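Shown next, in structure tokens, is the structure this report addresses.
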């Protein structure tokens, strides 16, 4: 089974994210996590008024003037060169995802608003491929963590998304606003941090996306956990790894996942899950996908009773 979602929230007017503020806060947060000892600088004095490196220390490491770096950290990325951004990224020891985020914030492109608000569609060929993945939990995720299409096995493992309104088929809303999803993930904190870091990457690519702003605003009002994680300014790309699930029917199972970014739409990714062959988790997955979503809903109801 696969279905397309409506593209984001229900059209409520919302102010876009402040790109200058995002740039400023991101640089401050990355600077605060480094100490002089981390980068081989001497520590003068025992008391420091700021956490982490001072602006002067960071500019020294990057080889730019303190005044230039100060303007950038105040959100003024206009006319900053790629060479300067690379030097600052090296000084801050940014990951590849963090460097990409910095570039997006400092040098936004003109077509991002149009691309961000255009409805996302899953190609018919990809939907057909999903329908052939019998027993494989897989789904397509798009901008703002929207779940765009999925297999029957994914619905059996993660919950029957087809029963939800289109705007609720969104990982951020599921993880932060639905108690059954909090219970599903053994490491809920890790899953929640991953989702927020993906939204942060989207905010860098599309700071003027009103639907993303509406989603962030809604979650900030409704979830203290979201506010805490959003304030950390952590970013990462979807990758590969494992998740331990507490499924309502079979209990604990460990699934491994791979993320495949789609070549014709970098804002969409296909995630596929599997269990280690001949493991208890493989047997649990076989049972869950065999019983299907009706049994999953019955198990969830029993757990809530």
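Could you list 188, 150, 161 so that the one with the fewest beta carbons within 10 Å of its beta carbon is first and the one with the most is last? All intermediate terms of the calculation are to be shown ahead of the outcome.
On the way: 188 16, 150 26, 161 21.
Arranged by neighbour count, lowest to highest, 188, 150, 161 become 188, 161, 150.
Along its first, second and third principal axes, ordered by size, region 124-304 spans 45, 38, 28 Å in Cα coordinates.
Among 61, 199, sorting on how many other beta-carbon atoms sit within 10 Å of each Cβ, with the fewest leading, yields 61, 199. The slack in the chain from residue 68 to residue 163, taken as 0.36 nm per residue of separation less the alpha-carbon distance, amounts to 28.9 nm.
In what sequence do 272, 253 fall when counting other Cβ within 10 Å, fewest first? Walk me through the intermediate numbers first.
Working: 272 20, 253 23.
Exposure proxy ranking, most exposed first: 272, 253.
Read-outs throughout are calculated quantities, based only on the coordinates presented, and are distinct from any laboratory measurement. Note that this is a predicted model, so its numbers are computed, not measured. Every residue, glycine among them, receives a Cβ derived from its backbone with ideal geometry; neighbour counts consider all protein chains shown.
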